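The values are calculated or read from the model by the stated rules, or taken from the named source; none is laboratory data. Remember, it's a predicted structure, so these values are computed and weren't measured experimentally. Cβ placement follows ideal geometry from the backbone for every residue including glycine, while neighbour counts extend to all protein chains displayed. Ligands, DNA and RNA are excluded from the accessible area calculation, which covers all protein heavy atoms including side chains. Shrake-Rupley method; radii C 1.70, N 1.55, O 1.52, S 1.80 Å.
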Amino acid sequence: MSDLITTDLVRLDVDLGSDKESAIRALADVVGGAGRATDVAQLVEDALAREATSPTGLPGGIAIPHCRTTGVDEPTLAFVRLAPPVDFGAKDGPADLAFLISAPAGGDSTHLQLLTKLARALVKPAFTDSLRAAESPDEVVDLVNHELGTSPASAATAKHSAGAASTPAATAVPTSAGAAPPKSLVAVTACPTGIAHTYMAAEALEAAAARAGVTIAVETQGSAGSHPLSPDTIAQAAAVIFAVDVGVRDRGRFAGKPVVSSGVKRPIDEADKMIAEALRYADDPNAPRVEGSVTAGEGGGAGAQESWGGRVRRVLMTGVSYMIPFVAAGGLLIALSFLLGGYEIVGPYGDIAVNNTLFNPPSASGLGLDHALFGSGFLAYIGAIFFIIGKTAFAFFIPALAGYIAYAIADRPGIAPGFVMGGLASNLFGVVDPNGTALPATGFLGAIIGGVLAGLIAHWLAQRTVPSWARGLMPVMVIPLVTSIVAGLLMIVVLGKPIGWLMNQLNDGLTSMSGSSAVLLGIILGLMMAFDMGGPLNKVAYSFAAAGVGAAATASASDPRLKIMAAVMLAGMVPPIALALATVVRPHLFNIPERENGKAGWLLGASFITEGAIPFAAADPLRVIPAIMLGSAVTGGLSEALDVSVRAPHGGIFVIFAVSNVFGYLISLAAGVLVGSAAVIALKSLGPSDEDVVTV
C-alpha cells in the first residue's frame, strides 16, 4: 500500500477559491494529479455529499473534509495551507489548514482510524503550529506521518515543536518524599457520529490534565472502537468527566463518583476549566455524583448535573435514535416491494416466497398482481422478498424503542427487559383467545411507558448491595429476570388494558377524522415537527406516524394513517428548505456560515432531515423557530386537505414513488417552503443585517 500522504499531495499557501465547494474540488484535483484517484468526479461528489450532512470545519482554523468513495483504490490524505482561508462551517471562523481524507468504499476501518489519529493531533497546538510554519511539502509529510505513527519522529518535528508544551496523555507528576500523590481523573467522551469530536475532546482533556499536574484516563466511545477503563483505574479516580452528546455506555461503573458533565464540544474550548471543576468536586462532599452512590447519603442524588428535562430528553432520544434504522429500513423495503410487485403483493407474498425462486419466478398475472412493475414475475418475486424483510424489520421497531429507552436509564441490564416490554406493547407473540381476540397492543405509547418502567426497575436493582459471589450474576441473569417479571406483570395486568384502550380511542379518533378535523391534525403535527427540529416533540410526532405506517402497510391509500405519515414527512422537510431558500433570496440577512449551511439545507430538507435547520435556529431562535413552524403548519394542513398519503416512513423526495397524489404532495411542500421562507425573511428584516455579509 502507498503512503497515506506524499509531497505530491501537499500544497502550501495557495488560493483554492472562495468557498468550501471550490476548495474540495481543488483538493480532489490534487489527489487526481498525484495519480491516487481513479475517478476524480466521483471523489468530488462523495466528499460534497458528506459535507452536506454536517460541516467538517473544526475550531482553530482546521477543516477535515472526508468520505468513503469508489473514486480511490487506497486511503489517501491531501493537505493544503489556504491563503486566503476558506469557511468550512466552524463557529470560530474560516480554516487555513485543510485535509481531504478519502478512503476506498469497500475498505476496512482505515478511514475511521485515520480520522481518529488526525482529530487527536489537530488539538495539539504544537502540531498545527508546525503545519503553519512548515517551509516545504517534505516538512509537512514528515510532520503528518509522525503524528499518524507511520514514520519515526523527523527533524521537522523537532524543529517546530521545540519549546512547545508537551502534553502526554496521562503523565504522572513526580512527588517528593512524603508528599501526597497527585489526584487521578477518568473521563468518557462520545458524540453521535463517534468520529472527530469524540477524539478531539479526549486529546484536549489529556493535555489539560497534564498542564494541571494530574493524571487522567479517557475512554473514547467512538466509531473506531472503545477500550473500556479498567475497574481499578475507575476505583482510584477522584472524579469523572462525562463529555458526551449521547448516553454513556455502562454508566453504572462510575456510580458514586463526583462528576462534571457537558456536551462533547465543551472540552475542545474549555478543557482546563473542566479539569479544574473535576478537581474541585473531588474535594466537595456535596458535589454532584453519578447515580448510585457507594455510600448512603453521599452526594444527595444530584444526578450527574443533569436536569430532569435533560434526562427525559436523553432517554427518549436514545430510544428513538436506535429505533429509526428499523423504521427506515423496514418502511423503505415495504415501499420498494409495492413499487416492484404492486400493492397486491400483500396477499400472495407468502405463496411466492415459499413456492418460487429467482430462477422459477411466479406468474404476475396468474396471481392477480396487476400492478407489478412491467408485469414481470421476476420483479414480483423480488417485491415479495422485500415485503417479508421489511415487515420483519418493522416488527422490531417498537421493541427497539422500549429496549433502548431502558438502556438509556439502566445501561446494559435494561436492554433485555426493555425489549420484552416492547414485544408486549406490540403483541409480538400474537397472543389471542379462542375467539381471535388479541391481548391489548399498547403500541408506541406502551413501548415508551414499558421501556421507562423496565429501565427504572433494572436501575433500582443494580443499586442493591449483594454478596461478592452474586455480583457477576446480577447484570446477566438476576436483573433481566426480575425486571422482566415485575415490569411484565405490571404491563399486562395493570397497565395493558388502560393503555390499549387509550391507543384504540386515539386510533379510532384519527380514523374518523375528515375534512377540517384532519386539517387541524395536520397543522398540529406540522407545528410539532418544526418546533424542536429532531427533538422530543418532533420524534413523538414521527414515532406516532411511523407506527401508523407499519399498521397500515396493507391498507388502501385513503387510510388516515398513511395521510398522517405524509403530513409529518412533508412538514419535516420544510424547515431546512425554507431556510435554504431564504439565504438565496435575501443573503444579506444571513452571515457567511449560515449561507453555507443554507447550501446544505436543500439536500437535507429533500431527504427529510429536519435537523438541517438547527444551525439557524440556534443562532436566532426567536425569529427562526416561529417562522418555520408557520411553514410546516401550512404544509401539514394542506397535505391532509389534499389527501396526500405515503407508504414510506422516511426518505423525503427520494421515495416519491410511494406517494399517492404526487401533485398534492409537491403543492403542499412548495406552499410551506414559500410561507416559511417569507416569514423568516420578514422577521429577520426587523433587525440589523450581518455586516460580515455586506462587506463580502
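Annotations for the structure displayed:
- Test: residue in region 354-367 that is assigned to a helix (DSSP H, G or I) and either at pLDDT 85 or above or surrounded by 18 or more Cβ atoms within 10 Å (Cβ to Cβ) (or both): yes
- Test result for residue 535, touching a Lys or Arg at 6+ places or on another chain (Cβ under 9 Å), modelled with pLDDT under 90 and surrounded by fewer than 18 Cβ atoms within 10 Å (Cβ to Cβ): yes
- Some residue of region 411-432 being open to solvent by 40 Å² or more (accessible area, probe 1.4 Å), in contact with an Asp or Glu (Cβ under 8 Å, 6 or more places away or on another chain) and either free of Cβ contacts under 8 Å to residues at least 12 places away in the same chain or within 21 Å of residue 255 (Cβ to Cβ) (or both): yes
- Residue match in region 20-43 (condition: assigned to a strand (DSSP E or B) and at pLDDT 90 or above): no
- Within region 619-660, being surrounded by fewer than 20 Cβ atoms within 10 Å (Cβ to Cβ), under 24 Å from residue 335 (Cα atoms) and in contact (Cβ under 8 Å) with a residue 60 or more places away in the chain holds for 641, 643, 651, 653, 657, 660.
- Test: residue in region 270-277 that is of a type in the set (Lys, Arg) and in a loop (DSSP other than H, G, I, E, B): no
- Residue selected from region 4-18 under the condition surrounded by fewer than 16 Cβ atoms within 10 Å (Cβ to Cβ) and within 33 Å of the chain's Cα centre (by Cα), by the criterion farthest from residue 40 (Cα to Cα): 18
- The single residue among 434, 413 that is more than 27 Å from residue 647 (Cβ to Cβ) and either in contact with a Ser or Thr (Cβ under 9 Å, 6 or more places away or on another chain) or among the small types (Gly, Ala, Ser) (or both) turns out to be 413.
- Condition check for residue 56: among the polar types (S, T, N, Q) and surrounded by fewer than 16 Cβ atoms within 10 Å (Cβ to Cβ): no
- Residue among 292, 300 that alone is surrounded by 14 or more Cβ atoms within 10 Å (Cβ to Cβ), on the phi > 0 side of the Ramachandran plot and modelled with pLDDT under 70: 292
- Flag if residue 323 is closer than 30 Å to residue 186 by Cα, buried (at least 16 other Cβ atoms within 10 Å of the Cβ) and at pLDDT below 85: no
- Restricting region 44-66 to residues that are among the small types (Gly, Ala, Ser) and assigned to a strand (DSSP E or B), the residue that is farthest from residue 598 (Cα to Cα): 63
- Taking region 374-410 as the range and being among the small types (Gly, Ala, Ser) and open to solvent by less than 10 Å² (accessible area, probe 1.4 Å) as the test, the residues that pass are 380, 383, 384, 390, 400, 402, 403, 406.
- Positions within region 239-256 being of a type in the set (A, V, I, L, M, F, W, C) and open to solvent by less than 50 Å² (accessible area, probe 1.4 Å), in sequence order: 239, 240, 241, 242, 243, 244, 248, 254, 255
- Test result for residue 600, farther than 30 Å from residue 337 by Cβ, among the small types (Gly, Ala, Ser) and buried (at least 24 other Cβ atoms within 10 Å of the Cβ): no
- Here residue 394 fulfils each of the conditions (1) modelled with pLDDT under 90; (2) over 30 Å from residue 479 (Cα atoms); (3) in a helix (DSSP H, G or I) apart from (2).
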